[in-house]
Amino acid sequence: MIMGAKIPGTTKVVTMRNSCTRALIASVAFLVVLIFMLRSEQSIDVRSQILRQSGVKSAGAVPEQQPLDQSTPMPPPQDPALSEFEPQSDHVPNCDIDMDHLREVKERHQLEDKFQYMKRYVKFTRKDGLERKSMTRLHDQNLLPNKFKTVELGQHYGQQECAEPLLVDVPRSGLPSTVNASDFTFGISTTYGRFMDPETTSINEWIFWLTDSRGNSNGGKLLLMLLDASDEELQEVANLLGDVGIDVDVYHSDSSVEMAVRYLNLVPTLYTHRDTPNKKWLVTCDDDTFFPSMHGLIEELGKHDHTRPKYIGTLSEDVGALDRHGSQAFGGAGVFLSIPMAQRITELYATCISPEKILESDSGWGPQGDIILRKCIYENTDTRLTSVWNLWQLDFYGDPSGFYEWGIKPLSLHHYRGGGWHSAKPGQFTKIAHTCGEDCSLQRFQTSDDWVISGYSIAHYPEGIDWDYYQQEGTLWAAPENKGWNLDFVFGPQRPSLHGTGKKIAWELKESEVRSDSSVLQTYVRKKDDERWVQQDGQPMSNIDGVIELVWIPS
């Protein structure tokens, strides 16, 4: 079995440690490749779409993805301040209208042929000892030096002059390429169809927090449970993840087993894994859990004693969810178990999944995995939840801009793929971290002409910024029954939304690209018919679509 893909029910796992094994694997790999070549064109196209979306090209041959253990140790944690890891760029500013590029932007985001356009450079300087502020004011610097340019596809535009770049100082925070996550194993359950769908695949997000984004594992291990998948589908997923550098074992999971039981089963699966003696934390999370700051996460977990039974996570932001399901770690934000805690749960597993306990875990929404885990711990040990408030379950509906424009540094995000919850693109707005550092993700900058760059959006406040930027804008709401204050105990009371007031208009980040010269291109889009950006009388604040592109370059 290649790339560490393990199928429960078999007792032998091939690890490619000697010449005989390598020869056997070479033969198996050839047969697997042959089978894949004979598969339908549609399957091959799906694979290419997934890899293309992740920004990684599949290698011609299947790499030898080996589990990380004592024989293949991770290098020691690297100091992100070392000059060899400091981003440098020879980028030459160019503000000419790239019509081919803008045509692609127009098609991807369904814009009209004529739209407003602005390209601005941001030159950042990474500084030691600088505090990450909720809002950084850029004194005497305007985002919009003159006015927007109206661009029409098919027209020719001459040479364009670049305005002087915005100059920003940022903390010298860790880069994704220097993360050492070898203390962690993550357990996730999903379906083959959900993983292989280019619209719902997690591969792009997992690349960010499980690799150095250069095709190498960052030491974090992934145990992936696939519901009702065939052996061939398990192998295909293992190969895809291995191609992009994720150290993964892929397992069968049976949908006939109660969901809450499958969730709890992640714990003994994680605990009994061969790599666990070299780990400190075993993590259960969802396929739409995202960790935007692995350096920050590692630093936070380093504050806790992993040699003691520890149960770490966060509550839901919605008091209604706590009332329905109880006070426990909500799994989408990530649940972190120390090895002693996971050992105890594994010993108690048969008792904790009895029919009686499954029935007790039903909160009226069916048996809940979070509840059965909490009951297993609380009813059999003295351990109680340790809350980490920068982990976010994000149990809310509506426009998420109030949260993402808040200027905070989250350690986890959840529910960002829509489907009734909110939609966001953490895989895009965290790409700035590759050159600017993790603190730059969702960091806010206010210019002198009343614009705010948040990484999630670029917003203009034409009547000035007279609101309290420490308070969250009230653009989102809790699930029924929403009493109006359900979210206040975590978010605090929110200031009134500026939707429909004429006091705010925003361009939201749609795509981001880390370029070979260490510059980062961010593309923000606004649609003219966005009902949020209207005057009080309902008249639109703009009668034309808009695109703003920021190019971030290190100083």
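The values are calculated or read from the model by the stated rules, or taken from the named source; none is laboratory data. A quick note: this is a predicted structure, and the numbers were derived from the prediction, not measured. Note that we place each Cβ from the backbone using ideal geometry, even for glycine, and neighbour counts take in every protein chain shown. When the accessible area is computed, the model is the full protein with side chains, heavy atoms only, and any ligands, DNA or RNA have been set aside. Shrake-Rupley method; radii C 1.70, N 1.55, O 1.52, S 1.80 Å.
Using a Förster distance of 35 angstrom, determine the FRET efficiency expected from the C-beta separation of GLU299 and ASP449, and round it to 0.05. Calculated transfer efficiency: 0.45.
Average accessible surface for the stretch 304-348: 30 Å² per residue, computed with a 1.4 Å probe over protein heavy atoms with every protein chain in place. If the limit is 26 Å between Cα atoms, which of LYS127/LYS279; LYS133/LYS431; LYS147/LYS510; LYS303/LYS357 go over it? Beyond 26 Å: LYS127/LYS279; LYS303/LYS357. Take each peptide in 213-223, 189-199, 102-112, 533-543, count the other Cβ atoms within 10 Å of every residue, and average; sorted highest first, the result is 213-223, 189-199, 102-112, 533-543. Short-range pairs are left out: with C-alpha atoms under 8 Å and at least six residues apart, the relative contact order of the stretch 100-217 is 30 percent.
When a 1.4 Å probe is rolled over the protein heavy atoms, the share of accessible surface on the stretch 158-252 that falls to carbon and sulfur comes to 39 percent.
Our note on the geometry: Cα centres of the stretch 490-525 and the stretch 198-245, 29 Å apart. Computed over protein heavy atoms with a 1.4 Å probe, the accessible surface of the stretch 97-194 works out to 53 Å² per residue.
Between the stretch 382-451 and the stretch 132-191, how far is it from one alpha carbon centroid to the other, in angstrom? Cα centres, the stretch 382-451 to the stretch 132-191: 15 Å.
Taking 0.36 nm per residue of separation and subtracting the current Cα-Cα distance, fully stretching the chain between SER134 and HIS109 would add 6.0 nm. Surface composition of the stretch 418-555: carbon and sulfur atoms hold 44% of the protein heavy-atom accessible area at a 1.4 Å probe. For a straight C-alpha distance cut-off of 14 angstrom, the aspartates and glutamates reachable from LYS221 (same-chain residues fewer than eight places away being disregarded) are ASP69, ASP183, ASP212, ASP247, ASP249, ASP275.
For the pair SER354 and ASP466, the difference between a 0.36 nm per residue extended length and the Cα-Cα distance amounts to 34.6 nm.
Surface exposure of the stretch 223-269, expressed per residue as accessible area with a 1.4 Å probe, stands at 27 Å².
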